[in-house]
Amino acid sequence: MRSLLLTFVAFFALASAHAQQSGLDHFNVGMEKARQKDYKGAIESYNKAIELDSTDWKNYFNRGLAYKDLKNYKSALADFTAAIRFAPENEILYYSSGITKYMLRDFAGAVADLHKLIELDSDYPSAYLVRGNAYRELKNDKLAIADYNSAIKANPEEEEAYFQRGVLRGYQKDFAGAVADFSKAIALNPENANSYVNRGLARLNNKQKEEACVDFKKAMALGHANAKQMLAAYCK
């Protein structure tokens, strides 16, 4: 199964108007260091910015992003949580916190954060997608599929939602539905080998061996690690 894409976008904005100038300087230096992938240096600069302005959510948020890039997810989550205290209506903070909780395998916590985000903005495809994945990990396939449906409704070109819904449909033995979802994912991204492999497996279970073997061959051409084995096992 394809892993969830967990990507954050840094908040490139000036610090709040009431911040001291030197605090703003440290904030901007932190952004520049992060841009250069010097995440430890960025954290040091954000630390200094927070010393001078401990109420600006952007200081905590950007420091959280730097911790995330260092794979220090617990510290990242602590910063996103702090940022939420100062900006409780900010959607991106709940998204960042929810994804980080997902990374830490706190799936119920991820659901709670993304539920709050969706309350603030019901037209947020990525929120439905990640919450759907969290529901899937919690073994609640019904709510997971409902969220994938909502992600697709909000953005009909959300490839990942079709892919993940296809996986769950396959688990539920709705192989025709799975084939349809993987086909849509392929139409949106024809270079993704995982979609061909999964569609091939769904077709195989749907008694479409010839079409399945075509998918396995395409996946092998795209470099999928297991496609050759599948061809040998199922396409003799």
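The values are calculated or read from the model by the stated rules, or taken from the named source; none is laboratory data. Keep in mind it's a predicted model, so treat the numbers as computed, not measured. Using ideal geometry, Cβ is built from the backbone for each residue, glycine included, and neighbour counts are taken over all protein chains shown.
Structural remarks
Let's see how each residue does on (1) part of a helix (DSSP H, G or I); (2) at pLDDT 95 or above; (3) of a type outside the set (A, V, I, L, M); (4) in contact with a strand residue (DSSP E or B) (Cβ under 7 Å, 6 or more places away or on another chain):
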| position | (1), (2), (3), (4) |
| --- | --- |
| ALA15 | no, no, no, no |
| LEU24 | yes, no, no, no |
| GLY64 | yes, yes, yes, no |
| LYS68 | yes, yes, yes, no |
| PHE80 | yes, yes, yes, no |
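- Flag for TYR135 being of a type in the set (Ser, Thr, Tyr), at pLDDT below 95 and within 15 Å of the chain's Cα centre (by Cα): no
- Note on the stretch 26-62: residues that are β-branched (Val, Ile, Thr) and more than 17 Å from ALA82 (Cα to Cα) total 1.
- Selection from the stretch 104-124 of residues that are farther than 22 Å from LYS153 by Cα and crowded, with 16+ Cβ neighbours inside 10 Å: ASP106, PHE107, GLY109
- Each residue in the stretch 29-48 was checked for being of a type in the set (S, T, N, Q), in a helix (DSSP H, G or I) and surrounded by fewer than 17 Cβ atoms within 10 Å (Cβ to Cβ), and 1 pass.
- Scanning the stretch 95-121 for residues that are under 20 Å from LEU70 (Cα atoms), assigned to a helix (DSSP H, G or I) and not charged (D, E, K, R) gives TYR95, SER96, SER97, GLY98, ILE99, THR100, TYR102, MET103.
- Scanning the stretch 49-86 for residues that are farther than 20 Å from GLY98 by Cβ, surrounded by 18 or more Cβ atoms within 10 Å (Cβ to Cβ) and without any contact (Cβ under 8 Å) to a residue 40 or more places away in the chain gives ALA49, ILE50, LEU52, ASP53.
- Selection count, the stretch 23-40, where residues are under 12 Å from ASP69 (Cβ atoms) and among the small types (Gly, Ala, Ser): 1
- Given (1) in contact with a helix residue (DSSP H, G or I) (Cβ under 7 Å, 6 or more places away or on another chain); (2) on the phi > 0 side of the Ramachandran plot, index of the condition LYS173 fails: (1)
- Single match in ALA108, ALA176, ALA154 (criterion: within 25 Å of VAL197 (Cα to Cα) and aliphatic (A, V, I, L, M)): ALA176
- Hey, ILE50 under 23 Å from the mean Cα position of the chain (by Cα) and either farther than 26 Å from TYR148 by Cβ or not polar (S, T, N, Q) (or both) or not: no
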